[in-house]
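**Student:** Have a look at this one.
Nothing in this text is a laboratory measurement; each read-out follows from the coordinates by a stated rule. Please read all numbers here as calculations on a predicted model, not as lab measurements. Cβ placement follows ideal geometry from the backbone for every residue including glycine, while neighbour counts extend to all protein chains displayed.
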Amino acid sequence: MTEPTINLIETHATGVVMIRYVVKEDGKDDEYIRSSFEPGQDVSDQPQEIQDACAAAWTPEVLASWQQRLNQPAAPLEP
C-alpha cells in the first residue's frame with residue numbers, strides 16, 4: 001500500500017474545501033479517503049497545495065458568510 005496522495009480538491013459554494021486522497025494497492029482497486037475543511041479552519045499542518053486552495057477559497061466575504069451561517073439558530077425538527 002502506498003501513502004495517500006491528493007487526487008482531487010473541490011470547493012463547495014459555502015467555502016468548504018473537500019479533499020479526496022487515493023491510496024494505491026498492489027493488485028487491488030484504488031482506495032479513496034476524503035476529508036474537508038471549513039472556512040477559517042487551521043490548515044497550517046496540511047500540504048501546501050491544500051493551504052493554497054483554502055487561501056483562494058476563503059475570501060473575506062466567504063468567511064463572513066460562513067460565520068453568519070454558524071450564528072443562525074438551528075431550525076426546529078418537525079415531528
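**Student:** I want to confirm something. Restricting to region 12-30 and keeping residues that are of a type outside the set (S, T, N, Q) and touching a residue at least 40 places away in the same chain (Cβ under 8 Å), which single residue is nearest to Leu70 (Cα to Cα)?
**Tutor:** Filtering region 12-30 for residues of a type outside the set (S, T, N, Q) gives 12-13, 15-30.
Subset that is touching a residue at least 40 places away in the same chain (Cβ under 8 Å): 15, 17.
Numbers: Gly15: 13, Val17: 17 Å.
This residue is Gly15.
**Student:** Take region 41-69 and flag every residue that is closer than 15 Å to Ile9 by Cα, part of a loop (DSSP other than H, G, I, E, B) and not aromatic (Phe, Trp, Tyr). Full working, then the answer.
**Tutor:** First, pick out the residues of region 41-69 that are closer than 15 Å to Ile9 by Cα: 43, 46-58.
Pick out the ones that are also part of a loop (DSSP other than H, G, I, E, B) and you get 43, 46-47, 58.
Result: Val43, Gln46, Pro47.
**Student:** What are the residues in region 51-67 that are out of contact with any strand residue (DSSP E or B) (no Cβ under 6 Å at 6 or more places or on another chain) and surrounded by 17 or more Cβ atoms within 10 Å (Cβ to Cβ), if any? Show your work before the answer.
**Tutor:** Taking region 51-67 as the starting set, the residues that turn out to be out of contact with any strand residue (DSSP E or B) (no Cβ under 6 Å at 6 or more places or on another chain) are 51-52, 55-56, 58-67.
Listed by number, the residues that qualify are Trp58, Val62, Trp66.
**Student:** To continue, here is another question. Just checking, which of Ile33, Ile50 is in contact (Cβ under 8 Å) with a residue 40 or more places away in the chain and hydrophobic (A, V, I, L, M, F, W, C)? Step through it out loud before you land on a result.
**Tutor:** Values: Ile33 fails: in contact (Cβ under 8 Å) with a residue 40 or more places away in the chain.
On inspection, the qualifying residue turns out to be Ile50.
**Student:** Taking region 5-40 as the region of interest, how many residues are under 8 Å from the mean Cα position of the chain (by Cα), closer than 13 Å to Ala53 by Cβ and part of a loop (DSSP other than H, G, I, E, B)?
**Tutor:** Going through region 5-40 one residue at a time, the tally reaches 1.
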